[in-house]
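Visitor: Below you'll find the structure I mean.
The values are calculated or read from the model by the stated rules, or taken from the named source; none is laboratory data. Just so it is clear, the model here is predicted, and its values are computed rather than measured. Quick reminder, even Gly has a Cβ in these numbers, built from the backbone with ideal geometry, and neighbours come from all protein chains shown. Note: accessible area is taken over every heavy atom of the protein model, side chains too, but ligands, DNA and RNA are not part of it. Shrake-Rupley method; radii C 1.70, N 1.55, O 1.52, S 1.80 Å.
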Amino acid sequence: MTDGEEVLDLTAADPDVLILVATETGTAREAADHIADALTEIGFRAPVRDVSEVDPSALAYETQLICAVATHGEGDPCVGAVAFYDALRQSPPDLSGVGFGIVALGDTTYEHFARAGFTLRDLLQDAGGAESTEIHTVDRGLRLSQIDDVVEWAYGCAAGFARLGANRKKT
């Protein structure tokens, strides 16, 4: 360890992180799998599920959530995620106490780059969720350097979960 390098203390984080995926081409799933592998290596249980298989009301029972979300067309969520987004808008669960992070995938050649990820962030925050770290964007696919960035972001998200967990324990 070098001077100034921070030790990653995750003891205040819950050991479970649900990873949700919304994808058209599979790239968001690939990102989610890399995130799950990275988190598992540092002691988390990190199942990956497609948003089409999840009832948004069940998110109220989670404490930590990561979403890997691809944007479709001109800023829309993937076809398989539309019902999930609609349910969050129409009947948002109480997500107070739920920490989350978002990886938003898109293409900068489109006007609304990665908008589906930012929309989901807003929906989760409106429901009371707390963003554990800043949203991470990925442009046009998932090259090796982007995978490394996503994994580093996942470690930062885990540290954010630990900070949120420590704050929950204080109150």
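Visitor: Beyond 16 Å, what percent of the Cα pairs of segment 61-114 remain?
Guide: The proportion of pairs with Cα distances above 16 Å equals 53 percent.
Visitor: Using θ = phi - 60° and the Karplus curve 6.51 cos²θ - 1.76 cosθ + 1.60, what whole-Hz ³J(HN,Hα) does each residue of segment 48-55 get, with Gly and Pro shown as x?
Guide: After applying 6.51 cos²θ - 1.76 cosθ + 1.60, I find 10, 9, 6, 4, 5, 9, 10, 7 Hz.
Visitor: Quote the accessible area belonging to LEU88 in square angstrom, nearest 10, computed with a 1.4 Å probe and with ligands, DNA and RNA left uncounted.
Guide: Surface accessible to solvent at LEU88 totals approximately 0 Å².
Visitor: For ASP50, which sequence-distant residues (separation of 5 or more, or a different chain) have an amide H within less than 5 Å of its own amide H, given hydrogens modelled in the peptide plane?
Guide: Result for ASP50 returns VAL21.
Visitor: Would you mind telling me the share, in percent, of accessible area of the chain contributed by carbon and sulfur at probe 1.4 angstrom?
Guide: The C+S portion of the solvent-accessible surface of the chain is 48 percent.
Visitor: Turning to a different aspect of this structure: Could you work out how much longer the chain between ARG89 and SER145 gets when fully extended? Use 0.36 nm per residue separation minus the Cα distance between them, nm to one decimal.
Guide: The ARG89-SER145 span can extend by a further 16.7 nm.
Visitor: Can you tell me the accessible area per residue over the chain, all protein chains present, probe 1.4 angstrom, in square angstrom?
Guide: About 50 Å² of surface per residue is accessible.
Visitor: For the chain, set up a Gaussian network in which alpha carbons nearer than 10 Å are linked by springs, and say which option among GLY80, GLY160, GLY101 fluctuates the most.
Guide: GLY80
Visitor: Now for a different question. Highest GNM mean-square fluctuation, the chain, Cα pairs closer than 10 Å: which of VAL82, VAL48, VAL150?
Guide: Highest fluctuation of the listed residues: VAL82.
Visitor: Taking θ = phi - 60°, what integer Hz values does the Karplus form 6.51 cos²θ - 1.76 cosθ + 1.60 yield along segment 93-109, in sequence order, with x for Gly and Pro?
Guide: The phi angles translate into x, 7, 9, 4, x, 9, x, 8, x, 10, 10, 10, 9, x, 9, 5, 6 Hz.
Visitor: Can you tell which of ILE66, ILE102, ILE147 shows the greatest fluctuation in a Gaussian network model of the chain with Cα springs below 10 Å?
Guide: Looking only at ILE66, ILE102, ILE147, the biggest GNM fluctuation is shown by ILE147.
Visitor: Here is a further query. Please give me, ordered by residue number, the GluC sites (Glu not before Pro) of segment 11-116 that lie in loop per DSSP and have at most 14 other Cβ atoms within 10 Å.
Guide: GLU74, GLU111
Visitor: Please report, for the Cα atoms of the chain, the Rg to one decimal and the Dmax as a whole number; what are they, in angstrom?
Guide: In order Rg, Dmax, the Cα atoms of the chain give 15.3, 50 Å.
Visitor: Still on this model: Provide the percentage of antiparallel DSSP beta bridges, counting only those with both residues in the chain; round to the nearest 5.
Guide: 10
Visitor: Under 14 Å from the Cβ of PRO77, count the other residues' Cβ atoms, weight Lys and Arg +1, Asp and Glu -1, and hand me the total.
Guide: -3
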